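Trainee: Structure in structure tokens, see below.
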Amino acid sequence: MTQPVYALNLFNVASKAEYLAYSKRSAREVERHGGRVVALGRFRQAAKQSIEPRSVMIVVEWESMQAFENYCSDPELADLHPHRENGTSDYVWHLFDKLDDLRPILK
């Protein structure tokens, strides 16, 4: 059985027109590739300062690592990803494995 993977996206909008071009198609394509947006957020404040804050946060749950990789490498989306890259700055894109609890980390 495959495990879900969570993608944490933190970024600033560098070009509203570019990011709008990305966002008009990305939700449909993420879903088509086995992902779903779990949370969207706008930065409020840093509870503890360790990185430079980003203005936008998106968490996407992917059915599997393979689903995420398929989204990133789908040749039909070759024209889509540059809109994300050109529309954002200071991008942090981290992947996390789903855990039911913290025991695997605390062993």
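What follows draws every value from the coordinates through simple rules; no lab data is involved. Values in this document were obtained by computation on a predicted structure and should not be read as measured data. Backbone-built Cβ (ideal geometry, glycine too); neighbour counts: all protein chains shown.
Trainee: What value does the chain have for Rg/Rh, both radii from Cα atoms and Rh as Kirkwood defines it? Walk me through the numbers before you get to the answer.
Mentor: On the way: Rg = 14.9 Å, Rh = 15.0 Å.
My calculation of the ratio gives 1.00.
Trainee: Now for a different question. Between ALA39 and SER89, what's the calculated FRET efficiency when r is the beta-carbon distance and R0 is 22 Å? Round to 0.05.
Mentor: Numbers: r = 21 Å, r/R0 = 0.96.
With R0 = 22 Å, the Cβ-Cβ based efficiency is 0.55.
Trainee: Which aspartates and glutamates have a Cα lying under 18 Å from the Cα of LYS98, excluding residues fewer than 8 positions away in the same chain?
Mentor: GLU61, GLU63, GLU69
Trainee: Would you calculate, for the chain, the mean residue ellipticity at 222 nm contributed by helices, counting each DSSP H stretch of 4 or more residues as -39,500 (n - 2.57) and dividing by all residues, to the nearest 500? Could the numbers behind the result be given before it?
Mentor: Numbers: 4 runs with 37 residues, N = 107.
Calculated mean residue ellipticity at 222 nm is -10000 deg cm²/dmol.
Trainee: If you average the C-alpha positions of the stretch 1-19 and of the stretch 24-41 separately, how far apart do those two centres end up, in angstrom?
Mentor: 9 Å
Trainee: To continue, here is another question. Could you give the length gained on full extension between GLU76 and ARG25, defined as 0.36 nm per residue of separation minus the Cα-Cα distance, in nm? Don't skip to the answer; put the middle values down first.
Mentor: Details: separation 51, 0.36 × 51 = 18.36 nm, distance 1.19 nm.
Length gained between GLU76 and ARG25: 17.2 nm.
Trainee: Relative contact order for the stretch 1-74 using alpha-carbon pairs under 8 Å, separation at least 6, rounded to a whole percent? Intermediate values should be presented prior to the final figure.
Mentor: Details: 100 pairs, mean separation 36.0, N = 74.
Computed over the stretch 1-74, the figure is 49 percent.
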